[in-house]
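Here is the structure we will look at.
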Amino acid sequence: MNSPVDINPAIEMNYPIEINPTTSSRIHEMDFENIGFGKIYADHMFVADYSNGKWKDCRVIPFDKMPLSPATSAIHYGQSIFEGLKAFKAADGKAQIFRPDRNAARLNKSAKRMAMPELPEEIFMNGLRSLINIDMDWIPTVTGSSLYIRPFMFATDEFIGVKPADNFRFMIITCPVGPYYIKPVKVLVADHYVRAVIGGVGEAKAAGNYAATMLAVNEARAQGYDQVLWMNANNFEYIQEVGTMNIFFVIGDTVLTPELDGSILDGVTRSSVITLLEDMNIKHEIRPVAVSEIYEAYQQGLLKEVFGTGTAATIAHVSDLGYKDTNMTLPPIEQRHIGNAIKQRLVDIKTSRVEDKFNWVYKV
Ligand SMILES: Cc1ncc(COP(=O)(O)O)c(C=O)c1O
C-alpha cells in the first residue's frame, strides 16, 4: 500500500510561524457524539497579513473574535474568498487531509479573479499543518465525522471607496463536523434566478457567489426542496451545479456531469470522482448536460441516479428533482450502485482503509 504523502519536511520555511497556544482549551465543551455542523470551533486559528506587497506575521493564536474597522473593505465591496477541506483521523491515530494542494491552488485561482494577492503555497500548507497539529484532539473519530477546515482571505483596507484593496488577511479556522446531509437531498431546478454567468466570478470561490444564491434557496425551501440546481444564465437549458456541490447523473449505465465552463466551481471531489470513474471502468461523459435530456431519461425510466459531490457532503444522493411542474422521484438509495460504490471508495481512501494509489492523502 502507498503511504500517504508527508507534508512535514517537504516545505521550506520562508514564512516562519509564531505559535501562541491557548491557556484554556474549550475541548471539554465538545460533545463528539452529537457534533452537528459549523457551530463549535477548535481552540486555535491561523492568521497571516498582507501589506506593502508582502505576506507576513504568520501566527497560530487562540480562536477568538477580532477587532475590525467598520470601514473594512471586504464588508463593503466583497473581496472575500474561501476554501473548504477536511482532516480525518486514520487508524494509526494520525491526522490526514485530502488533496490540500488542490485547495491551495484553487484559492489562488479565486484570488487572481478577485484582484487579491496570491498566497504562497508554503503559507497555506504550513499554516494548515501547524493548526492541525495543535488542535489534533479536535478531529472526531466517529464514523462520518471529520474536522472541517475553512481557509479564507479578505480585504482589510479601512477605506470607503470602490478600488482593489492593498491590505488583506488570510486565516484558517477549523470545526469538528458530523455528516452534512443526513438524508438524501431534494433539489429544485432554477427557472429564473442565476448563480453565475460566463465571464463572471462563478468559478471563483468568492463569498458573494453564495450570497447570490440565498433568496433562491429560501424560495426552494418554501416549496419543500433543500437546494437549487443552477442552470446556465442565458437560456436555462444547461445544468451547472448545486449550491455547494457539483452534480452527476446516471442515465442507463453512463455517468454524466457538466463540463467546466468557467462559471462552475472546479470541485476537488468532482475531479476525484471523475478519476475514480475512470479507474473503476465506469462509462462517463463530461460535457454540456441539458435539463431536457435528464427529464426525457426520467420519463423513459433511464434516470437511475443523481448525486452531488463536495467536500462537505462527499457524495450526497438526490432523492427528488423538481423541474417545472414535475417532481422527479429517483430510485431508492439501495439501488444507487454507482454513487454508493464511489462514496465508499472515497471515504476509504480518505481514512486510509484502501490503497491511496493517486497520492491524494497528506499526512500531518
Ligand atoms: C459552488 C460549489 N460547487 C461545488 C463545490 C464542491 O467543491 P469541492 O468538491 O472542492 O468541495 C463547492 C464546495 O466547495 C461549492 O461551494
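Overview of values
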{"quantity": "Hydrodynamic radius (Kirkwood) for region 118-165, which is based on Cα pairs only, to one decimal in Å", "calculated": "13.8"}
{"quantity": "The chain, dipole about Cα centre (Lys/Arg Cβ +1, Asp/Glu Cβ -1), debye to the nearest 20", "calculated": "200"}
{"quantity": "Cα centroid of region 186-218 to Cα centroid of region 290-333, whole Å", "calculated": "19"}
{"quantity": "In region 23-99, trypsin sites (Lys or Arg not before Pro) in a DSSP loop with at most 10 other beta-carbon atoms within 10 Å", "calculated": "Lys39, Lys65"}
{"quantity": "The chain: most fluctuating residue of Gly339, Gly308, Gly78 per GNM, C-alpha cutoff 10 Å", "calculated": "Gly78"}
{"quantity": "Net charge of neighbours whose Cβ lies under 11 Å from the Cβ of Asp348, counting Lys and Arg as +1 and Asp and Glu as -1", "calculated": "+2"}
{"quantity": "Around Thr326: net Lys/Arg minus Asp/Glu count, Cβ-Cβ under 15 Å", "calculated": "-3"}
{"quantity": "Normalised alpha carbon radius of gyration of the chain [divisor 2.2 N^0.38 Å]", "calculated": "1.01"}
{"quantity": "The chain: angle of helix 121-134 to the longest principal axis, Cα-based, in degrees nearest 10", "calculated": "80"}
{"quantity": "Cα-projected label distance for Glu158 with Ala115, points at 7 Å along beta-carbon direction, nm", "calculated": "2.3"}
{"quantity": "Value of relative contact order over the chain, rounded to a whole percent, pairs C-alpha under 8 Å and six or more apart", "calculated": "21"}
{"quantity": "Of Lys183/Lys350; Lys94/Lys186; Lys112/Lys186; Lys89/Lys112; Lys109/Lys363; Lys186/Lys350, pairs whose Cα-Cα distance is over 28 Å", "calculated": "Lys94/Lys186; Lys112/Lys186; Lys89/Lys112"}
{"quantity": "Helix axis angle, 268-279 relative to the chain longest principal axis, alpha carbon, degrees", "calculated": "50"}
{"quantity": "Binned Cα-Cα distances of region 185-349, short to long, each 10 Å bin given as a whole percent", "calculated": "10, 43, 37, 9, 0"}
{"quantity": "Cα gyration tensor category, rounded, prolate or oblate, for region 112-228 with a/c compared to 1.5", "calculated": "oblate"}
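None of the figures in this text is laboratory data; all of them are computed from the coordinates on show. Predicted model, so just to flag it, every value in this text is computed and none were measured. All Cβ positions, even for glycine, are placed from backbone atoms using ideal geometry, and neighbour counts span all protein chains on display.
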